[in-house]
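Trainee: This structure is in structure tokens; I'll ask about it shortly.
The values are calculated or read from the model by the stated rules, or taken from the named source; none is laboratory data. Here the structure is a predicted model, which is why all the values come from computation and not from measurement. Neighbour counts are summed over all protein chains in view; Cβ atoms, including those assigned to glycine, are modelled from backbone coordinates with ideal geometry.
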Amino acid sequence: MSNQSDQSLLKDGWLPGVKSVGFGGDYNPEQWPEEVWAEDLDLMRRAGVNLVSIGIFSWALLEPRPGEFDFGWLDRVIEGLHGAGVRVDLGTPTTVPPAWFWQQNPHVRPVLRDGTVLATGSRGICCPSSPEYAEASVRITTELAKRYGNHPAVSLWHVHNEYGAPISECYCEVSAASFREWLKARYGTLDALNAAWGTAFWGQTYYEWTQVGTPALSGTSSNPAHRLDFARFSNEELIGCFTRERDVLHELAPGIPVTTNFMATNCPSMDLWKWSAEVDVVANDHYLTAADPLSQVGLALDADLTRSLAGGRPWILMEHSSSAVNWQPRNLAKRPGEMARNSLSHLARGADAILFFQWRASRRGAEKFHSAMLPHAGANSRVFGEITQLGATLGDLDAVLGSRVRAQAAILWDWESFWAQDLDWRPSVDLAPRQQVREYYERLWRDHVTVDFAHPTADLSGYPVVLAPASYLLTAEAVANLTAYVEGGGHLVVGPFSGVVDQDDAVHPGGWNGAVRDLLQVSVEEVLPLPAEGQVALTGDLKGRIWAEDLQLLGAETILEYLDGPATGRAAVTRRTLGAGTATYVSTVLDHQVLGAVLDPVLERAGVTVDRDLPWDLELVSRHAEDGTEYVFAINHATTPVDLRVDGTDLLTGETCAGSAKIPAGSVRIFRR
Ligand code: GAL
């Protein structure tokens, strides 16, 4: 059964009963005496909260003994919220089975690649292939759906929590048996499996299906195709856990959309292109990386990726933090204004709900040092003041609901390719695909160019420019798609070590870039990783890092040359023209500081304007409504004010701006035009 996102559920563009921008967070009242609940509702009203996620970790309270249910407390929580006009995102609590479940089924604890069997006592661990887990999770989900599926307060189902985190793979015997079934469905015969996995290498040929196991830790590097398939299998096994619950909810509670919270950039083991096809509405969790001095760029990338997963439709920021998290090495508190900038950046990039983890800071447990909307310091605090202010701001932004972001470029993003490249024994540990993507993204972020992310086989025809900073794995279908894109007049830029392998991690025939050689009209004869911290000088006073290549030109022209290093005198950046389209190849790692030298001419040819008069740290994004109205979000990350050339009405103050407007340091203004 597929998702319902294009059908009736979201035909009004948003969640049932949610008429404004969603605002709220995870609410865990079960951690508090009931006397506190009334104060929660009172403060939620003050803050303008209209949507909370509940019950996510409550299985042990809802089903204290197998098949024995206690919904009394949850009834009271939901009634209270309903009375206060707060909509409910109801969790299925299947991320933490109760203690009785583990006592009965100790074998369901996941086995890690190195054979370690995990202990219980935390969360998010369970063998995804376990029939006992399947049965128990369907039972509690069924009871919840029967009890609350018609409740007028419920707007959304929140299945599980962050599938894939902290554990996405299990190497136990039950998983191995399930993996074999998956392989039979994929390959049909052992001969096909042996061919795809290249088992002739190192004498790994299989003659019986029962000989095939999981790619558990071995003495040295395991078969990469085996590992890649296991990553695919594990992703699909977890999707199966989700769809099993989703189908129960669709059947018993029709009309209420079902989601689960993704981590677009923080859970590398989940292929979210596959997941997004299964949810009714995309929801995402994002936390700033404190160690990143430009964490707002990482946030924007994550939000743009989430919007792309949602196919441009409105999405939910299911979790972010009001201030510090508690799980990074150094948990930096957000400074005044930062939380609002973060929230409105997500909104600017397509989120129609801004939610937090969590409503009230926990006194006990592993997350007591995590910030909350209502912090330990209580309502009389800066954080709660800013939360209340944000609630008021979002309350004035109903007009923005449902409007869409228009991107001028796409960046290719493929989890399978990252999985393959992340396996061991690659030419250089320094060549990090996600970091390459970040450099290209950051260049465009600083240039105020809005981007989508796309799978290499997606329809790219609407984008004037497509960047493929790190496309190590490309299938024949993807290459045909990219070729058609350039033939159709598109402008493609490809980064180093791309088009190297196929879906089985087998090198494409015809050089190191066999898959894209004809498209780029350049052949990579040899890859030339640099020593640690190594650099190469290029013409144009540029530096490349990490990597160089010996390129053989097959018709492409040289744009930049290597001036030193292992490929001295040879082409470093090339371009070939195909009708109105171009394909540029960049054979070294260029950081965002220098990427403009390569990207500017491409953007110019493609008709994408780069406004370098604007300060780079003014984030500028627009949302467009169906009636032609544009909402311009100007987010000033700098410590000095900026004069922005803009005509329009300030959505929050009502002020009319003709020609220019001041964006104070650290603040956000939204203009309608
Ligand atoms: C998320 C998780 C939440 C909470 C939060 C803290 O990954 O879904 O339950 O733990 O992190 O940052």
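Trainee: When you check residue 271 against the structure, is it crowded, with 23+ Cβ neighbours inside 10 Å and acidic (Asp, Glu), yes or no?
Mentor: Details: crowded, with 23+ Cβ neighbours inside 10 Å: no; acidic (Asp, Glu): yes.
Judged against the criteria, residue 271 is not a match.
Trainee: Right, here's the next one. Looking only at region 529-566, which residues are among the hydrophobic types (A, V, I, L, M, F, W, C) and more than 36 Å from the chain's Cα centre (by Cα)? Give the derivation first.
Mentor: Step one: filter region 529-566 for residues among the hydrophobic types (A, V, I, L, M, F, W, C), giving 530, 532, 536-538, 542, 546-548, 551, 553-554, 556, 559-560, 563.
553, 554, 563, listed by residue number.
Trainee: Mind telling me which of the residues 244, 227 ends up being surrounded by 19 or more Cβ atoms within 10 Å (Cβ to Cβ) and in a helix (DSSP H, G or I)? Outline the logic, then answer.
Mentor: On the way: 244 fails: surrounded by 19 or more Cβ atoms within 10 Å (Cβ to Cβ).
When all the criteria are applied, what remains is 227.
Trainee: Ok, one more. Give me the pairs: first residue in region 507-519 and more than 17 Å from residue 481 (Cβ to Cβ), second residue among the charged types (D, E, K, R), beta-carbon distance under 8 Å, and six or more apart or on different chains, which are they?
Mentor: Partner pairs satisfying both residue conditions: 510/517; 511/517; 511/525; 512/525; 512/526; 512/549.
Trainee: Tell me which residues, restricted to region 621-636, are buried (at least 20 other Cβ atoms within 10 Å of the Cβ) and of a type outside the set (Val, Ile, Thr).
Mentor: First, the residues of region 621-636 that are buried (at least 20 other Cβ atoms within 10 Å of the Cβ): 621, 623, 631-636.
623, 631, 633, 634, 636, listed by residue number.
Trainee: Among the numbered conditions (1) within 16 Å of the ligand (Cβ to nearest atom); (2) in a strand (DSSP E or B); (3) over 22 Å from residue 150 (Cβ atoms), tell me where residue 30 comes up short.
Mentor: That leaves (2) as the condition not met.
Trainee: With the condition being in contact with a Ser or Thr (Cβ under 8 Å, 6 or more places away or on another chain) and in contact (Cβ under 8 Å) with a residue 60 or more places away in the chain, I'd like the strands (runs of 3 or more DSSP E) fully within region 595-673 carrying at least 3 qualifying residues.
Mentor: 618-624, 630-636
Trainee: Still on this structure, please answer the following. Just checking, which of 162, 143 is in contact (Cβ under 8 Å) with a residue 60 or more places away in the chain, buried (at least 16 other Cβ atoms within 10 Å of the Cβ) and under 30 Å from residue 115 (Cβ atoms)?
Mentor: Numbers: 143 fails: under 30 Å from residue 115 (Cβ atoms).
Only one candidate qualifies: 162.
Trainee: Please go through region 66-94 and pick out each residue that is more than 20 Å from residue 166 (Cβ to Cβ) and within 16 Å of the ligand (Cβ to nearest atom).
Mentor: 89, 90
Trainee: Restricting to region 339-390, give me the number of residues that are more than 16 Å from the ligand (Cβ to nearest atom) and either acidic (Asp, Glu) or within 27 Å of the chain's Cα centre (by Cα) (or both).
Mentor: Of all residues in region 339-390, those more than 16 Å from the ligand (Cβ to nearest atom) come to 340-341, 344-345, 347-352, 377-382, 384-390.
Then drop every residue that is not either acidic (Asp, Glu) or within 27 Å of the chain's Cα centre (by Cα) (or both), which leaves 340-341, 344-345, 347-352, 386-387, 390.
Looking only at that region, the number is 13.
Trainee: Oh, and also: Given the criterion at pLDDT 95 or above and within 16 Å of the ligand (Cβ to nearest atom), identify the matching residue among 148, 133, 163. Steps first, answer last, please.
Mentor: On the way: 148 fails: within 16 Å of the ligand (Cβ to nearest atom); 133 fails: within 16 Å of the ligand (Cβ to nearest atom).
Only one candidate passes the filter, namely 163.
Trainee: Shifting gears a bit: When the residues of region 328-365 are filtered to those that are of a type in the set (A, V, I, L, M, F, W, C) and without any contact (Cβ under 8 Å) to a residue 40 or more places away in the chain, which remaining residue is surrounded by the most Cβ atoms within 10 Å (Cβ to Cβ)?
Mentor: Looking only at region 328-365, we keep the residues that are of a type in the set (A, V, I, L, M, F, W, C), and these are 332-333, 339-340, 344, 347-348, 351, 353-357, 359, 361.
Pick out the ones that are also without any contact (Cβ under 8 Å) to a residue 40 or more places away in the chain and you get 333, 361.
Values: 333: 15, 361: 20.
So the residue we want is 361.
Trainee: Is it the case that residue 409 is at pLDDT 95 or above, within 16 Å of the ligand (Cβ to nearest atom) and farther than 19 Å from residue 49 by Cα? Walk me through it before giving the result.
Mentor: Details: at pLDDT 95 or above: yes; within 16 Å of the ligand (Cβ to nearest atom): no; farther than 19 Å from residue 49 by Cα: yes.
No: the conditions fail for residue 409.
Trainee: Continuing with this model, one more query. Give the residue that is farthest from the ligand (Cβ to nearest atom), with candidates limited to residues of region 50-65 that are part of a loop (DSSP other than H, G, I, E, B) and more than 28 Å from residue 85 (Cβ to Cβ). Don't jump to the end; show me each part of the working.
Mentor: Here is the first cut: in region 50-65, the residues part of a loop (DSSP other than H, G, I, E, B) are 50, 55-58, 63-64.
Now restrict to residues that are more than 28 Å from residue 85 (Cβ to Cβ): 63-64.
Details: 63: 20, 64: 22 Å.
Restricting to residues being part of a loop (DSSP other than H, G, I, E, B) and more than 28 Å from residue 85 (Cβ to Cβ), the top hit is 64.
Trainee: Can you tell me which of 301, 317, 305 is within 29 Å of residue 378 (Cα to Cα) and at pLDDT 95 or above? Walk me through it before giving the result.
Mentor: Working: 301 fails: within 29 Å of residue 378 (Cα to Cα); 305 fails: within 29 Å of residue 378 (Cα to Cα).
Just one listed residue meets the conditions, 317.
Trainee: When you look at residue 459, is it more than 26 Å from residue 297 (Cβ to Cβ) and charged (D, E, K, R), yes or no?
Mentor: Values: more than 26 Å from residue 297 (Cβ to Cβ): yes; charged (D, E, K, R): yes.
Considered against the rule, which asks whether it is more than 26 Å from residue 297 (Cβ to Cβ) and charged (D, E, K, R), residue 459 comes out as yes.
Trainee: Residues in region 479-492: is at least one of a type in the set (A, V, I, L, M) and surrounded by fewer than 19 Cβ atoms within 10 Å (Cβ to Cβ)? First the steps, then the outcome.
Mentor: Looking only at region 479-492, we keep the residues that are of a type in the set (A, V, I, L, M), and these are 479-480, 482, 484, 486, 492.
Checking the rest, the ones that are also surrounded by fewer than 19 Cβ atoms within 10 Å (Cβ to Cβ) come to 480, 484.
Among the residues of region 479-492, at least one is of a type in the set (A, V, I, L, M) and surrounded by fewer than 19 Cβ atoms within 10 Å (Cβ to Cβ), which makes the answer yes.
Trainee: A further question on this structure: Name the pairs: first residue in region 398-420 and closer than 17 Å to residue 462 by Cα, second residue in a strand (DSSP E or B) and basic (Lys, Arg), Cβ to Cβ under 8 Å, at least 6 apart or on different chains?
Mentor: As it stands, the answer is 404/623; 405/623, since those pairs meet every condition given.
Trainee: Ok, one more. Here is a check on your reading of the model: is residue 232 assigned to a helix (DSSP H, G or I), surrounded by fewer than 20 Cβ atoms within 10 Å (Cβ to Cβ) and of a type in the set (Lys, Arg)? Step through it out loud before you land on a result.
Mentor: On the way: assigned to a helix (DSSP H, G or I): yes; surrounded by fewer than 20 Cβ atoms within 10 Å (Cβ to Cβ): yes; of a type in the set (Lys, Arg): yes.
For residue 232, the condition - assigned to a helix (DSSP H, G or I), surrounded by fewer than 20 Cβ atoms within 10 Å (Cβ to Cβ) and of a type in the set (Lys, Arg) - is met.
Trainee: Quick check on my filter: what residues within region 286-330 are more than 24 Å from residue 617 (Cα to Cα), in a strand (DSSP E or B) and within 14 Å of the ligand (Cβ to nearest atom)?
Mentor: 316, 318, 319, listed by residue number.
Trainee: Report whether or not residue 187 is within 19 Å of residue 237 (Cβ to Cβ), within 16 Å of the ligand (Cβ to nearest atom) and among the aromatic types (Phe, Trp, Tyr).
Mentor: On the way: within 19 Å of residue 237 (Cβ to Cβ): yes; within 16 Å of the ligand (Cβ to nearest atom): no; among the aromatic types (Phe, Trp, Tyr): yes.
Against the criterion (within 19 Å of residue 237 (Cβ to Cβ), within 16 Å of the ligand (Cβ to nearest atom) and among the aromatic types (Phe, Trp, Tyr)), residue 187 does not qualify.
Trainee: Continuing with this model, one more query. If you scan region 642-661, which residues turn out to be surrounded by 14 or more Cβ atoms within 10 Å (Cβ to Cβ) and not polar (S, T, N, Q)?
Mentor: Of region 642-661, the ones surrounded by 14 or more Cβ atoms within 10 Å (Cβ to Cβ) are 642, 644, 646, 648-652, 657, 661.
Within region 642-661, 642, 644, 646, 648, 650, 651, 652, 657, 661 meet the criteria.
Trainee: For residue 251, only one of the following conditions fails: (1) outside any loop (DSSP other than H, G, I, E, B); (2) under 26 Å from the mean Cα position of the chain (by Cα). What is its number?
Mentor: Going through (1) outside any loop (DSSP other than H, G, I, E, B); (2) under 26 Å from the mean Cα position of the chain (by Cα) one by one, residue 251 breaks only (2).
Trainee: Something else about it: Which ones in region 257-269 are touching a helix residue (DSSP H, G or I) at 6+ places or on another chain (Cβ under 6 Å) and either in a loop (DSSP other than H, G, I, E, B) or away from the ligand (no atom under 16 Å from the Cβ) (or both)?
Mentor: Start the filter on region 257-269 by keeping residues that are touching a helix residue (DSSP H, G or I) at 6+ places or on another chain (Cβ under 6 Å), which leaves 257-258, 260, 262, 264-265.
Residues satisfying the conditions are 257, 258, 260, 264, 265.
Trainee: So for region 95-112 (the condition being crowded, with 18+ Cβ neighbours inside 10 Å, within 16 Å of the ligand (Cβ to nearest atom), part of a helix (DSSP H, G or I) and at pLDDT 95 or above), does at least one residue qualify?
Mentor: Checked region 95-112: no residue is crowded, with 18+ Cβ neighbours inside 10 Å, within 16 Å of the ligand (Cβ to nearest atom), part of a helix (DSSP H, G or I) and at pLDDT 95 or above.
Trainee: Restricting attention to region 143-179, which residues are within 29 Å of the chain's Cα centre (by Cα) and assigned to a helix (DSSP H, G or I)?
Mentor: Across region 143-179, the qualifying residues are 144, 145, 175, 176, 178, 179.
Trainee: Does residue 519 satisfy the criteria of being under 27 Å from the mean Cα position of the chain (by Cα), surrounded by 21 or more Cβ atoms within 10 Å (Cβ to Cβ) and farther than 12 Å from residue 587 by Cα?
Mentor: On the way: under 27 Å from the mean Cα position of the chain (by Cα): no; surrounded by 21 or more Cβ atoms within 10 Å (Cβ to Cβ): yes; farther than 12 Å from residue 587 by Cα: yes.
So residue 519 does not fit the description; no.
Trainee: Of everything in region 113-130 that's within 16 Å of the ligand (Cβ to nearest atom) and not charged (D, E, K, R), which residue is surrounded by the fewest Cβ atoms within 10 Å (Cβ to Cβ)? First the steps, then the outcome.
Mentor: Here is the first cut: in region 113-130, the residues within 16 Å of the ligand (Cβ to nearest atom) are 121-126.
Restricting the remaining residues to those that are not charged (D, E, K, R) gives 121-122, 124-126.
Working: 121: 9, 122: 11, 124: 16, 125: 19, 126: 28.
Here the residue is 121.
Trainee: Within region 567-584, restricting attention to residues that are buried (at least 17 other Cβ atoms within 10 Å of the Cβ) and free of Cβ contacts under 8 Å to residues at least 60 places away in the same chain, which residue is farthest from residue 543 (Cα to Cα)?
Mentor: 576
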